[in-house]
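The values are calculated or read from the model by the stated rules, or taken from the named source; none is laboratory data. Nothing here was measured: the structure is a model prediction, and the numbers come from that model. All Cβ positions, glycine included, derive from the backbone under ideal geometry; neighbour counts span all protein chains shown. For the accessible areas, the whole protein counts, side chains as well, though only heavy atoms, and no ligand, DNA or RNA atoms are used. Shrake-Rupley method; radii C 1.70, N 1.55, O 1.52, S 1.80 Å.
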Amino acid sequence: MSAPLIAIDGPTASGKGTVAQRVAQALGWGYLDSGALYRLCALAALRGGVDLDDEAGLAALAAALPVRFAGERIELGGQDVTGAIRDEAVGNAASRIAALPALRAALLGLQRGFRRPPGLVADGRDMGTVVFPEATLKVFLTASAESRAKRRYKQLIEKGFSANLADLLRDLQQRDERDTRRSVAPLKPAEGAVVIDSTHLDIDQTVAQVLGAYRHRARP
Ligand code: DC
């Protein structure tokens, strides 16, 4: 039997990364930040001069992505890019290239390889719909665009980046639009997903809801 898996999907800045990490910690499981893989591809393309419309070139780059996750640290070709991939320009490029079917296909095997005992919490846009459709629990985590923009603003300022709330809200709405409307793996709740709206929940409350749903699913 394959290892248990919790898939957490949702729009940008919905808090799914933090929630997924905390759930993984609570269960003693591994954690996959699939958005980081799209960001890594985008960064590798920007640095390597690969055009963001060059689908075949990007898929080739993704298939041989020299990535290493060492705890919180993310390396690309041996270089620490943990901070660099969080840049808004990289996020926007990631959202653009994420619409390309060949690139998504090239990342499938890499993502599935993270599923190992004792279990995996995977977060992204299509964890429950495409990558792990047979997940033990699927969660769709959302929140209003305004509250997500405020959270993203706080995150960026804390990390020492400069940020403008109105620009962030606009970028986030554009990214939502692109992630939701693309024809391949559009962002939507997976069949059977538990939908959690975290607009009025803090992290602890959201984590508790996910763990509660998992326990219910594992031992109904
Ligand atoms: O979650 P994030 O903001 O780090 O993701 C960056 C971009 O990657 C996002 O705009 C959509 C894309 N993405 C995706 O298409 N599928 C995933 N499973 C994860 C991210």
- Would you mind giving the average projected area, over all directions, of the Cα convex hull of the range 120-220 in nm² with one decimal? 7.4 nm²
- Message: Given the range 46-122, report the % of alpha carbon pairs whose separation exceeds 22 Å.
- Response: 27 percent
- Task: Return the calculated 222 nm mean residue ellipticity for the chain, to the nearest 500 deg cm²/dmol, obtained by summing -39500 (n - 2.57) across DSSP H runs with n ≥ 4 and dividing by the residue count.
- Result: -15000 deg cm²/dmol
- Query: So, with +1 on the Cβ of K and R and -1 on the Cβ of D and E, and no other charges, what is the size of the charge dipole of the chain about its Cα centre, to the nearest 20 debye?
  - Reply: 500 debye
- Item | Max mean-square fluctuation residue, GNM over the chain, Cα-Cα springs under 10 Å, options A94, A56, A20 | A56
- Query: What is the distance, in nm, between label points placed 7 Å from the Cα along the Cα-to-Cβ direction at D53 and at F69?
  - Reply: 3.4 nm
- Message: In 10 Å bins starting at zero, report the fraction of Cα pairs in the range 64-183 per bin as a rounded %.
- Response: 10, 35, 40, 14, 0
- Message: Please report the antiparallel percentage of DSSP beta bridges with both residues in the chain, rounded to the nearest 5.
- Response: 25 percent
- Message: Please list, by residue number, everything in the range 75-93 whose backbone N is under 20 Å from a paramagnetic label point 7 Å out along Cα→Cβ of I157.
- Response: 86-89
- Mean projection of the alpha-carbon convex hull of the range 1-134 over all orientations, in nm²? 7.6 nm²
- Note on the structure: Per the 1/(1 + (r/R0)^6) rule, R0 = 35 Å and r from the Cβ atoms of L108 and A208, FRET efficiency to 0.05 is 0.65
- Which FRET efficiency, nearest 0.05, do A84 and T199 yield, Cβ-Cβ r, R0 41 Å? 0.85
- Query: Across the chain, how many lysine pairs, 8 or more apart or on two chains, come within less than 17 Å at their alpha-carbon atoms?
  - Reply: 6
- Query: Tell me, what % of the accessible area of the chain is carbon and sulfur with a 1.4 angstrom probe?
  - Reply: 53 percent
- Query: Roughly how many Å² is the accessible area per residue of the chain, as a whole number, for a 1.4 Å probe?
  - Reply: 47 Å²
